[in-house]
Amino acid sequence: MEESSKKTLNFIEQIVEHDLKEGKNGGQIVTRFPPEPNGYLHIGHAKAICLDFGIAHKNGGKCNLRFDDTNPVKEDVEYVDSIKEDINWLGFQWDNLYYASDYFEKLYDFALEMIKRGLAYVDDQSAEEIAKQKGTPTSAGIESPFRNRCVEENLDLFQKMQDGAFDEGSRVLRAKIDMAHSNMHFRDPLMYRILKMSHHRTGNKWNVYPLYDFAHGQSDYFEGITHSLCTLEFEVHRPLYDWFVDQLKDSDYRPRQIEFNRLNITYMVMSKRKMLQLVKEGRVSGWDDPRMPTICGLRRRGYTPESIHNFIESIGYTKYDGVIGLEVLEHSIREHLNKIAPRVSAVLYPVKLIVSNYPEGQVEWNEAINNPENETAGTHMVPFTRELYIEREDFLENAPSKYFRLTPGKEVRLKNAYVVLCTSCKKDAEGNIEEIYCEYIPETKSGQANSNRKVKGTIQYVTTEHCLQAEVRLYDRLLNVSNPAEEKDRDFLDMLNPDSMKVLNNVKVESILKEAKPLDHFQFQRVGYFNLDTDSTPDHLVFNRTVSLKDTWGKIAEKL
């Protein structure tokens, strides 16, 4: 049993388990989720959140939320608030809340200490000049002409940088390591740059701000982080992460950086910069547009925390980057909504059906099961009257032999009601179907002992008298290219799917949906899974399609 359980652990869980057995860091597990507050979180961040919080809590440890707010140019309190909301929605609560800006004083003091030890210097060159001197992976870099300034001059210049004496971009503080190192990140990396901007927490106190490679590992160290989990692009940064920690640490404790594969999903854009562009240019309605891969966008579309957890658990954590099919994510929400979503009737493209032999003015209320997958979900009552709306595609005047819905001379069951025989239809001047006529067969009412008349089709309906008018937004993939990363020569805006949203304004739904609350989930029978949008009002219901009942896109894509 023990051997079997070990096989289910991913490689990070195995490392943590080993460290606990070895008693490293006093047997403590402390992780952190360190987002930069420069945008809204997306599904890729959800993968990191589930790992950071999950692995800590599973092992009786702690997980901190730390905002990496070292760049006031891009950061905003709006993003801080949204990140907190998304983490809570996913079902997690941080043990401590920190900001990188909490450590600005400590980082500044550490930088001064490094200058005094001859491990850092002020460089007067521009970013372009510094970049030219970096060299290549196979050739050494060129030392800065300011590399050998004396300690006193460096201390004075760095203090003046902080005092605001110099312009932005005129000077930086660099670590003094090795310009011939095989790892390019060791070639005198930047530690501080001048930014004369107000910070969302510290105001105008600072004119210099630390860069990621200098701030991140030290912040981990200050917090007592044991396992610093990050995505694979930071693997080449790990030696520098360790080097900076080595200059700081004064005990056997040290945080350990471990990298895992980032999440890439077909037909999705995961770049914050590109998502911000979509928002600013009005190509989507906002960060929470249901077509966006943001957590708030997925929530608004109708995804559940459980479905996202199940999706992430199914794809796992590895050391190899790849691309996950969007259908895997969609499968996870279908599975969950199938278990929890009440079944209701909705008609997206309505046409009137008149039951000509049913008494005018009579209303019959029939019991409908809310969810056949959940016995405790109960039932609700649905009306049946003489005049109904059905889906336009559920009728064909001249139907092929294997068409099992309404067509003159054939029978079909109206769900929770009767078998009806289609008799005729009425068309307008252009030949469009205006009304369909049928006759009901009284002894075939659903639930009656003698109601088991054999028919091959069942269709849903709503009554014209009781139904509600609704707007429905049919969402599809945001991009029409499976893997945009492979389209290096194309502007990603050219990859946008022009049919990613279709709005239907004449949808008819059951009256029970008047009681729905924003984000409530439903299965529109034979149509798909939907939820009530936050734009909805009591007088104007708006529903989003979360996902279709089946993965039809995958079959279409196979043919292309």
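The values are calculated or read from the model by the stated rules, or taken from the named source; none is laboratory data. All values reported here derive from a predicted model rather than from experimental measurement. Here Cβ is always computed from backbone atoms with ideal geometry, including for glycine, and neighbour counts include all displayed protein chains. Heads up: the accessible areas ignore ligands, DNA and RNA and are worked out on the full protein's heavy atoms, side chains in. Shrake-Rupley method; radii C 1.70, N 1.55, O 1.52, S 1.80 Å.
The table below lists the values:
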| read-out | value |
| --- | --- |
| Ranking by accessible area, most exposed first, for M268, M184, M191 with a 1.4 Å probe | M184, M268, M191 |
| Amide H contacts of N264 (H built 1.01 Å from N, under 5 Å, at least 5 apart or other chain) | G322, I324 |
| Within the chain, percent of DSSP bridges classed antiparallel, to nearest 5 | 65 |
| Extension gain from E313 to N38, taking 0.36 nm per residue of separation minus the Cα-Cα distance | 96.3 nm |
| Cut-off under 5 Å, modelled amide H: who pairs with C425 long-range | Y437 |
| About the Cα centre, charge dipole magnitude for the chain (Lys/Arg +1, Asp/Glu -1 at Cβ), debye | 1120 |
| Helical mean residue ellipticity (222 nm; -39500 (n - 2.57) per DSSP H run of 4+; nearest 500) of the chain | -8000 deg cm²/dmol |
| Unit charges on C-beta of K, R, D, E only; dipole of segment 30-180, Debye | 740 |
| Calculated FRET value between K249 and E113, using beta carbons and R₀ = 22 Å, to 0.05 | 0.95 |
| Table column - 3J(HN,Hα) (Hz), segment 235-247, Karplus curve with 6.51, -1.76, 1.60, x for Gly and Pro | 4, 6, 7, 4, x, 5, 3, 5, 5, 4, 4, 4, 6 |
| FRET efficiency, 1/(1 + (r/R0)^6) with R0 22 Å, evaluated for V236 and K132 via beta carbons | 0.60 |
| Residue (of A56, G528, N204) at the positive-pole extreme of the chain, dipole from beta-carbon charges | G528 |
| Overall form of segment 123-262 per C-alpha gyration tensor (a/c, 1.5; a/b vs b/c) | oblate |
| Residue among L278, G118, N25 farthest towards the positive dipole end of the chain, charges placed on Cβ | L278 |
| Highest to lowest packing among 129-139, 334-344, 211-221, 159-169, scored as the average C-beta count within 10 Å | 211-221, 334-344, 159-169, 129-139 |
| Distance between segment 338-375 and segment 220-248 - C-alpha centres, whole angstrom | 59 |
| Whole-Å semi-axes of the ellipsoid equivalent to segment 335-453 (Cα gyration tensor, √5λ, descending) | 27, 18, 14 |
| Distant-in-sequence amide H partners of D288 (H built 1.01 Å from N, under 5 Å) | none |
| Pair-distance profile P(r), taking every C-alpha pair of segment 228-315, with 5 angstrom steps and integer % | 3, 11, 15, 16, 13, 12, 11, 9, 6, 3, 0 |
| Percent accessible area from carbon and sulfur atoms, segment 30-186, protein chains only, probe 1.4 Å | 48 |
| Karplus (6.51, -1.76, 1.60) ³J(HN,Hα), θ = phi - 60°, over segment 528-540, in Hz, Gly and Pro reported as x | x, 9, 9, 9, 7, 6, 5, 6, 5, 10, x, 9, 8 |
| By average C-beta atoms within 10 angstrom, highest first, the peptides 25-33, 44-52 | 44-52, 25-33 |
| Rounded to the nearest 20 debye, dipole of segment 195-313 from Cβ charges on Lys, Arg, Asp, Glu | 800 |
| Positive minus negative residues near I340 (Lys, Arg vs Asp, Glu; Cβ under 14 Å) | -2 |
| Cα-derived Rg to Rh of segment 452-533, Kirkwood definition | 1.16 |
| Rounded accessible area per residue of the chain, 1.4 Å, Å² | 47 |
| Range of Cα positions in the chain per principal axis (Å), largest first | 101, 59, 43 |
| Separation of alpha-carbon centers, segment 79-122 and segment 4-75, rounded to whole Å | 16 |
| Helix 151-163 axis, angle to the chain major axis (alpha carbon atoms, nearest 10°) | 40 |
| Length gained when the stretch S511-E443 is fully extended (0.36 nm per residue, less Cα-Cα span) | 21.8 nm |
| In Hz, Karplus ³J(HN,Hα) per residue of segment 285-290 (6.51, -1.76, 1.60; θ = phi - 60°; x = Gly, Pro) | 7, x, 4, 9, 4, x |
| Cut-off 14 Å between beta-carbons: net charge of the residues surrounding E105, Lys and Arg +1, Asp and Glu -1 | 0 |
| Listed residue (P37, W94, P145) projecting farthest to the positive dipole end of segment 1-145, Cβ model | W94 |
| Degrees, to the nearest 10: 11-22 long Cα axis against longest axis of the chain | 50 |
